[in-house]
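Since the structure comes first, as structure tokens, the remarks are kept for the end.
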Amino acid sequence: MKKLALILVLLISFSSCKNETSKSTETISDSPLDASTIENSLIYPEEKNFKSLRQVTFGGDNAEAYWSFDDQQLVFQSNNPKWNVNCDQMFLMNATETLIDSIAPPMISTGKGRTTCSYFLPDNKHIIYASTHLADEKCPEVPTKENGKYIWPIYESYDIFVADLEGNIVKQLTNELGYDAEPTVSPKGDKIVFTSTRSGDLELYTMNIDGTDVKQITDELGYDGGAFFSPDGTQIIFRASRPKTEKDIKEYKELLSRGLVEPSDMELFICNADGSDLRQLTFLGNANWSPFFHPSGKKVLFSSNFESEIGFPFNLYIIDTDGKNLKRVTHGNTFEAFPVFSNDGKYLVFSSNRNNGGTRDTNLFIAEWQD
């Protein structure tokens, strides 16, 4: 999923270190600056849903942060050059920490290949994530344009693995030919939803958390991905492209045959956990993606550039699950995406270009949420 973000961030960016002996992390309460001043200065005046806001990473591309089931830790992916990584890998941090210098937090992926889309399992002792390391230990190339259009790769070498919090892979969940990635876990702790090309198209599948009982739940032409379960585990929200014209269908199939997808035209879809009662939620145009259910299960938070005439900015929006009451949540002028609520519903972690000093850095932020 982060590949989409990186390409979109590149579009945004082209338009618009600490001492090694110091501590690698510290809690916000340890900061020499007043915590309330730090938090409040990051909030734009219109952002009424944020009671407070804390920046937790500083440098590199940091995205897709997900909470442990007890809300005590976060797993996220980064390519922060200060941590001696140049290809996305998975890192672990406590939810109260702020990563302020050049000493990396614990890496819990292999450090080989490229990884994406990690997620905690219910025991809080293991994660799942997708990785290309079995095919090649080197970082695969990332194409960014095709005939002047932004594209991102669907690496057929991605498979989904289970690892402990020391970085040891304990199980491989998928071994089909083609792309298997973007896994997330139901809050009920029983199912995983993921995207795969095993049918010849990019469709959604579910499986038990041990990898058994794999079922295909979508079957329409187009890219289905970035799926998440509702808080009660009964529904799934995801992003999808739906090429309709002969030209669009031909272009989609041709790109997919070369392991590529164009991410600029996507809407949100919602269905039951078994794929039934599928319906389109948004009809906004442009790119609508990275959806996540509000703790009530009756609303969805997502990132979109539908109000942007030139492709950016991307901001967070919230909408009822019946498609009504669309509301803008963030008011940045660059990039806001990957919103994920804590399991207790009190906090929201997301990725943003705000406060990056005009660089291309995408950092993680944690907001104290208020409806």
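For this structure, a couple of remarks:
- Whether a residue is under 26 Å from Tyr44 (Cα atoms), open to solvent by 10 Å² or more (accessible area, probe 1.4 Å) and not β-branched (Val, Ile, Thr) was assessed, and Gly259 does not pass this test.
- Ile38 being crowded, with 16+ Cβ neighbours inside 10 Å, on the phi < 0 side of the Ramachandran plot, hydrophobic (A, V, I, L, M, F, W, C) and modelled with pLDDT under 75: yes
- Here Asn175 clears all of (1) under 20 Å from the mean Cα position of the chain (by Cα); (2) among the polar types (S, T, N, Q); (3) within 28 Å of Ile237 (Cβ to Cβ) except the condition numbered (1).
Every residue, every condition in (1) touching a strand residue (DSSP E or B) at 6+ places or on another chain (Cβ under 7 Å); (2) among the acidic types (Asp, Glu); (3) open to solvent by 20 Å² or more (accessible area, probe 1.4 Å), yes or no:
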{"site": "Gln73", "(1), (2), (3)": "yes, no, yes"}
{"site": "Ser78", "(1), (2), (3)": "yes, no, no"}
{"site": "Asn86", "(1), (2), (3)": "no, no, yes"}
{"site": "Asn94", "(1), (2), (3)": "yes, no, yes"}
{"site": "Glu97", "(1), (2), (3)": "yes, yes, yes"}
{"site": "Ile100", "(1), (2), (3)": "yes, no, yes"}
{"site": "Pro105", "(1), (2), (3)": "yes, no, no"}
{"site": "Ile108", "(1), (2), (3)": "yes, no, no"}
{"site": "Gly111", "(1), (2), (3)": "yes, no, yes"}
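- Some residue of segment 210-219 being closer than 25 Å to Ile249 by Cβ, touching a Phe, Trp or Tyr at 6+ places or on another chain (Cβ under 9 Å), open to solvent by 40 Å² or more (accessible area, probe 1.4 Å) and not basic (Lys, Arg): yes
- The residue of segment 114-145 that is surrounded by the most Cβ atoms within 10 Å (Cβ to Cβ), among those that are among the aliphatic types (A, V, I, L, M) and outside any strand (DSSP E or B), is Leu121.
- Residue check, Thr174 open to solvent by less than 10 Å² (accessible area, probe 1.4 Å), touching a strand residue (DSSP E or B) at 6+ places or on another chain (Cβ under 7 Å) and over 18 Å from Ser68 (Cβ atoms): yes
- From the options Glu47, Glu64, residue that is in a loop (DSSP other than H, G, I, E, B), open to solvent by less than 10 Å² (accessible area, probe 1.4 Å) and not polar (S, T, N, Q): Glu47
- Unique residue being more than 21 Å from Ser118 (Cα to Cα) and under 22 Å from the mean Cα position of the chain (by Cα) when the list is Phe229, Phe194, Phe238, Phe269: Phe269
- Failed criterion for Lys2 (all others in (1) at pLDDT below 90; (2) open to solvent by 10 Å² or more (accessible area, probe 1.4 Å); (3) charged (D, E, K, R) hold): (2)
- Exactly one residue out of Leu301, Leu326 is closer than 19 Å to Asp371 by Cβ and open to solvent by 50 Å² or more (accessible area, probe 1.4 Å): that is Leu326.
- Residue match in segment 184-196 (condition: open to solvent by less than 10 Å² (accessible area, probe 1.4 Å), among the hydrophobic types (A, V, I, L, M, F, W, C) and in a loop (DSSP other than H, G, I, E, B)): no
- Within segment 287-331, being modelled with pLDDT of 95 or more, out of contact with any strand residue (DSSP E or B) (no Cβ under 7 Å at 6 or more places or on another chain) and at positive phi holds for Gly297, Gly323.
- Pairs with Cβ under 9 Å, 6+ apart, first in segment 135-158 and farther than 18 Å from Tyr179 by Cβ, second in a strand (DSSP E or B) and among the aromatic types (Phe, Trp, Tyr): Thr144/Tyr150; Thr144/Trp152
- Residue in segment 220-234 that is open to solvent by 40 Å² or more (accessible area, probe 1.4 Å), part of a loop (DSSP other than H, G, I, E, B) and at positive phi present: no
The values are calculated or read from the model by the stated rules, or taken from the named source; none is laboratory data. Keep in mind that what you see is a predicted model, and the values were worked out from it rather than measured. Counting neighbours? That spans all protein chains shown, and the Cβs are built from the backbone with ideal geometry, glycine included. Each accessible area value is taken on the protein alone, full model and side chains, heavy atoms only, with ligands, DNA and RNA left out. Shrake-Rupley method; radii C 1.70, N 1.55, O 1.52, S 1.80 Å.
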